[in-house]
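This report concerns only the one structure given below.
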Amino acid sequence: MIKILIVDDHPIVLEGTKNLFQDIEDILVDTSDDIYAIHQMLEEKQNPYDLYLIDINMPEQNGIVLCSKVRTTQPNSKIILYTGDNIEDYYSLILEKMVHGLLSKTSTKEQMIRAIRATIAGDLVLPSNFINYIKDFYNANQIEETLKLNEREKQILQYISKGYTNSAIAIELQVTQRTIERNLSQIFNLL
């Protein structure tokens, strides 16, 4: 039997999501819209669930904070965050290993059940555009590595951000204006 706790601040969403599972014999679903009761349950280590389906955007506490609490107190439980927002905005949470999956509130019953079963089995179900996110993530890290500035270049950028002219920066750093111009050319080439 798979025990699931669905956490959402909208009672209608809770009831509707719970109803998706009523004909699934091996899934037992509880719901809660009371964050404080969930914290109490986690502290007392009561009723550990196999999987938590947590809404990201809740007024009393966002789902990401609750997710951290679950991970701390029940490290063997699986967590899927779900949201009405664009799930792509939360892909980083998977890379940080804070969650086991993400679902849109517009997911079909089949998609939701497939994601839950896969998560319980230790698998990861992701949209195909997650690959693009990973590719962009690694490209951004590579670019960041190539944009290493030396100390003088960092100082120059700080002075520029304060509105200093090239000649004023040269005076501050006790170098020629031509040196500052060469450093700026290097910075522009890096950028």
Between 0 and 90 degrees, rounded to the nearest ten: what's the tilt of helix 63-73 against the longest Cα principal axis of the chain? 70
Cα-based helix-to-principal-axis angle, 130-146 vs the chain, degrees rounded to 10: 30
By count of other Cβ within 10 Å, fewest leading, how are T83, T106 ordered? T106, T83
Please identify the chymotrypsin sites (Phe, Trp or Tyr not before Pro) of region 106-191 that satisfy two criteria: DSSP loop assignment and at most 10 other Cβ atoms within 10 Å. Which are they? none
With an 8 Å cut-off on Cα pairs and a minimum separation of 6 or more residues, tell me the relative contact order of the chain in percent. 13
Round to a whole angstrom and tell me the spacing of the C-alpha centers of region 1-54 and region 86-123. 16
Treat the count of other C-beta atoms within 10 Å as a stand-in for reagent exposure and order V125, V65 from fewest to most. V65, V125
Options (i) 14.9; (ii) 13.6; (iii) 22.2 - which one matches mean projected area of the Cα convex hull in nm² as calculated here: (i)
Among D8, D85, which comes first, then next, by fewest other beta-carbon atoms within 10 Å? D85, D8
Once you have the Cα-Cα distance between D89 and L149, take 0.36 nm times their residue separation minus that, and quote the gain in nm to one decimal. 18.7 nm
Using the structure shown, list the pairs from K78/K105; K18/K105; K78/K109; K97/K154; K3/K78 with a Cα-Cα distance above 22 Å, or answer none. K97/K154
If you keep only loop residues by DSSP, which trypsin sites (Lys or Arg not before Pro) in region 112-191 have at most 14 other Cβ atoms within 10 Å of their Cβ? K148, K162
Under the rule that an exposed site lies in a DSSP loop and has at most 16 other Cβ atoms within 10 Å, name the longest stretch of the chain with no GluC sites (Glu not before Pro) of that kind, not counting the sites themselves. 97-191
Distance (nanometres) between label positions extended 7 Å along Cα→Cβ at N189 and I131: 3.7
Please go through region 41-113 and write out the trypsin sites (Lys or Arg not before Pro) that DSSP classes as loop and that have at most 15 other C-beta atoms within 10 Å. K45, K97
What FRET efficiency comes out for the pair Q158/K97, r = Cβ-Cβ distance, R0 = 45 Å, nearest 0.05? 0.80
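Just so you know, all these numbers are worked out from the coordinates, no wet-lab data involved. These numbers come from a predicted model, not from an experiment. When we count neighbours, we look across all protein chains shown, and the Cβ atoms used for this are built from the backbone with ideal geometry, even at glycine.
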